[in-house]
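Worksheet: one structure, shown below.
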Amino acid sequence: MVKVLLVDDDELNRDMLSRRLVRNNYTVVIAVNGEESIRMAETNQPDIILMDMNMPMMDGLEATRQIKNNPLTANIPILILSAHAMPSYAAKAIAGGGDDYDTKPIDLERLLGKIQALIKK
Amino acid sequence: MIDKSDSLKKATILVVDDIADNLTLVGGLLKTSYKIKVASDGEKAIKIAQSIPQPDLILLDIMMPDIDGYEVCQRLKANQSTQHIPVIFLTAKSEINDETKGLEIGAVDYITKPISPPILLSRIKTHLKVKQMQDILHDQRAWFLSIIESAPDAILVTDEQNVVILCNSQAEEIFGYNSNELHSKNINQLVLSDVGKRKDGSEFPVEVGLRKLPNLNDGGDCTCVLIHDITERKRVENEIRAAKKLAEDANQMKSDFLANMSHELRTPLNAIIGYSEMLQEEAEEFNQRQFIPDLQKIHGAGKHLLTLINDILDLSKIEAGKMELFLEDVDLLKMVHEVENIIFPMIEKNNNQLIVERETNLKSIYTDVIKIKQILFNLLSNAAKFTHDGVITLSVKDFIASDKAVVQLSVSDNGIGLTQEQISKLFGNFAQADASTTRKYGGTGLGLAICRRFCQMMGGDITVTSVINEGSTFTVELPLIAVHKLER
């Protein structure tokens with residue numbers, strides 16, 4: 001089973017997306033902030049990380065940077081999610097080390113397609 | 001030029017002599033050609049010379065009782081109101097000294113008696129002619145001076161040492177110096193580059209025009225300096241700049257607000273849409289189908305809200321000039337096919353039929369494919385929404401229109417159609433026919449406004465023809481190569 005590390009500070013979004021991923025046969029581990037995501041990426045070695053962009057304390061871009069700088073986690077693909085719809089945010093996410101970007105509200109079918117594409121790489 | 005029609009009137013000649021016979025004789029000689037006034041002594045002569053209308057020429061005897069002709073002439077020449085009237089002495093005194101004296105005190109001529117009528121007449125004629133020329137010169141000079149005086153700008157003329165030799169009253173007003181003070185000033189004391197300096201030391205912004213001219217006084221050069229006080233214009237410019245900055249800041253604040261608002265609204269929407277989708281799946285699984293229609297309504301409302309947020313964001317981006325075009329070569333046939341596939345379920349919903357007319361040799365177009373798709377989805381979903389059991393036609397062709405290669409995409413339906421009034425506000429913001437339309441048919445009322453802006457950004461436009469209850473045709477024309485026009 002594909003293991004997803006879901007990083008989001010919003011409880012409802014975390015709960016909803018994790019349950020939907022489980023329903024689609026993914027194993028989900030959860031981190032509620034950027035710092036936790038760095039630790040969990042190292043210890044859990046997920047197949048992919050879904051990273052929320054806007055989080056307090058350490059935002060998704062900083063967490064992404066650190067994960068990509070750590071040799072133990074650098075190869076894990078990161079898909080950045082944000083409720084920002086401006087194209088500039090997508091560009092920022094990719095420039096910040098994200099492997100792909102998608103907007104919230106999520107389109108589950110599209111998101112699963114992106115997850116599969118990243119894992120296959 | 002100056003109208004001297006006055007000079008064509010009969011000239012008036014004042015003849016002054018203490019002997020009545022002489023007055024009669026000379027008067028008789030001149031009266032056919034001129035108007036004649038006579039005076040029998042000096043005082044009377046001076047009085048007549050001063051009264052309006054003044055004589056154009058005076059024939060003056062020298063030897064008269066009380067005051068003689070010399071004195072009369074001197075007094076006439078000393079008086080500003082009469083000094084311009086030419087005086088000819090007409091006298092029996094024929095000594096060289098007398099004649100010299102007469103000319104020295106200001107007479108223009110000296111004729112001795114006995115008079116020769118032809119000589120008298122021709123000399124009078126000559127001197128009247130000279131006077132007329134002088135009058136013209138005098139009037140012209142006054143006219144030119146009045147033009148300079150009435151100019152709204154300061155005019156200064158400077159010599160080769162840059163010292164002011166002529167100024168108008170506007171210059172006095174602007175700089176606060178009187179004419180005499182200005183006449184000793186170097187131009188650099190008054191104006192340096194684009195700053196003027198007043199007598200009180202204060203400075204003001206100016207616009208300066210310079211022109212070199214020959215100096216008639218010394219044969220050298222002089223410079224005509226035109227100075228325009230632009231204090232008021234600068235003030236207005238600053239006000240406009242400040243107002244523009246204020247408007248831009250406000251606009252930026254609006255954009256930021258919309259971007260943040262969009263983010264804040266999308267976060268809970270993610271939960272609403274996500275949970276309602278998941279609950280629909282679960283209701284199906286757990287055989288609780290009675291909940292599905294209501295869950296669909298929650299989901300539909302969430303999606304509608306999302307469309308509204310996206311449209312508002314799009315429109316504000318366009319208005320802030322921040323909407324960008326991503327230009328690429330687009331295969332028209334492929335694009336139309338993709339649109340067809342995605343829109344199909346929506347067309348079928350109201351039992352409509354979709355016909356796609358396309359030329360097989362369509363060229364590729366260099367443009368923003370996402371935006372063209374968004375336009376087509378919008379037009380097609382509108383057509384599907386407002387048409388029941390009908391036919392919706394999407395046609396695509398390219399052609400040359402007035403030297404420009406153009407792609408034309410049109411969407412026709414035989415649905416409810418539009419009234420003229422609806423058409424007139426169709427492309428404005430929140431422009432659905434009325435609120436009940438929104439309730440019945442959904443939509444945000446922003447779609448067509450966005451379509452038009454997108455078309456214009458790509459260098460094209462969108463038009464509509466419609467007949468109520470018969471249907472509508474929306475036609476998009478875009479250049480084969482998009483011209484990026486930033487909307488503001």
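Values in this text are rule-based calculations from the coordinates and carry no lab data. As the structure is a computational prediction, the values presented were derived from the model and not from experiment. Cβ coordinates were reconstructed from backbone atoms using ideal geometry, including for glycine residues, and neighbour counts include every protein chain displayed.
Evaluate peptide A:105-111: per residue, the Cβ atoms of other protein chains within 10 Å of its Cβ; return the mean as an integer.
Counting other chains' Cβ atoms within 10 Å and averaging over A:105-111 gives 4.
Can you tell me the Rg and Dmax of the stretch B:151-229, counting just the alpha carbons, in angstroms?
For the stretch B:151-229, the Cα radius of gyration and maximum Cα-Cα distance read 11.6, 36 Å.
Under a 5 Å amide H to amide H cut-off, with H placed in plane at 1.01 Å, what residues pair with residue B:459 once short-range neighbours are removed?
B:483, B:485
Cα gyration tensor of chain A, axes a ≥ b ≥ c as square roots of the eigenvalues: rounded (a/c below 1.5), prolate (a/b > b/c) or oblate?
Rounded, since a/c falls under 1.5.
In straight Cα distance, which lysines are under 16 Å from residue B:185, not counting same-chain residues fewer than 8 positions off?
The qualifying lysines are B:197, B:199.
List the GluC sites (Glu not before Pro) in the stretch B:20-119 that DSSP assigns to loop (not H, G, I, E or B) and whose Cβ has at most 12 other Cβ atoms within 10 Å. Which are they?
Of the GluC sites (Glu not before Pro), the ones in loops of the stretch B:20-119 whose Cβ has at most 12 other Cβ atoms within 10 Å are B:95.
Once both labels are modelled 7 Å past Cα along the beta-carbon direction, what's the residue B:291-residue B:470 spacing in nm?
Distance between the two pseudo-spin positions: 5.1 nm.
Return the loop-located chymotrypsin sites (Phe, Trp or Tyr not before Pro) in the stretch B:187-290 (DSSP other than H, G, I, E, B) with at most 15 other Cβ atoms within 10 Å of their own Cβ; answer none if there are none.
B:286
Please state the relative contact order of chain B as a whole percent: Cα pairs under 8 Å, 6+ residues apart?
Across chain B, relative contact order equals 8 percent.
How shielded is A:82-89 by partner chains, expressed as the average number of their Cβ atoms within 10 Å of its Cβ atoms?
6
In the P(r) worked out for the protein assembly as shown, what percent of Cα pairs fall beyond 47 Å?
I get 53 percent for the Cα pairs in the protein assembly as shown exceeding 47 Å.
Straight-line reach only, C-alpha to C-alpha below 28 angstrom: list the lysines that residue B:113 could link to, leaving out same-chain residues fewer than 8 apart.
B:10, B:31, B:35, B:37, B:44, B:47, B:77, B:93, B:101, B:125, B:129, B:131
Highest first, please rank the peptides B:190-197, B:12-19 by the mean number of other Cβ atoms sitting within 10 Å of their residues.
Ranked by mean Cβ neighbours within 10 Å, highest first: B:12-19, B:190-197.
Name the residues whose placed amide hydrogens come within less than 5 Å of the amide hydrogen of residue A:2, ignoring near sequence neighbours (fewer than 5 apart) on the same chain.
Counting only residues 5 or more places away or on other chains, the set is A:27.
Straight-line reach from residue B:349: which lysines fall under 18 Å, measuring Cα to Cα and dropping same-chain residues less than 8 apart?
Within reach: B:297, B:303, B:385, B:440.
So if I take the centroid of the Cα atoms in the stretch B:30-65 and the same for the stretch B:312-379, what is the distance between those two points in Å?
100 Å
Please give the Cα centre distance for the stretch A:1-66 versus the stretch B:220-279, rounded to the nearest Å.
So the two Cα centres are separated by 38 Å.
Which of rounded, prolate or oblate describes the stretch B:303-375 when judged by the alpha-carbon gyration tensor and an a/c cut-off of 1.5?
oblate
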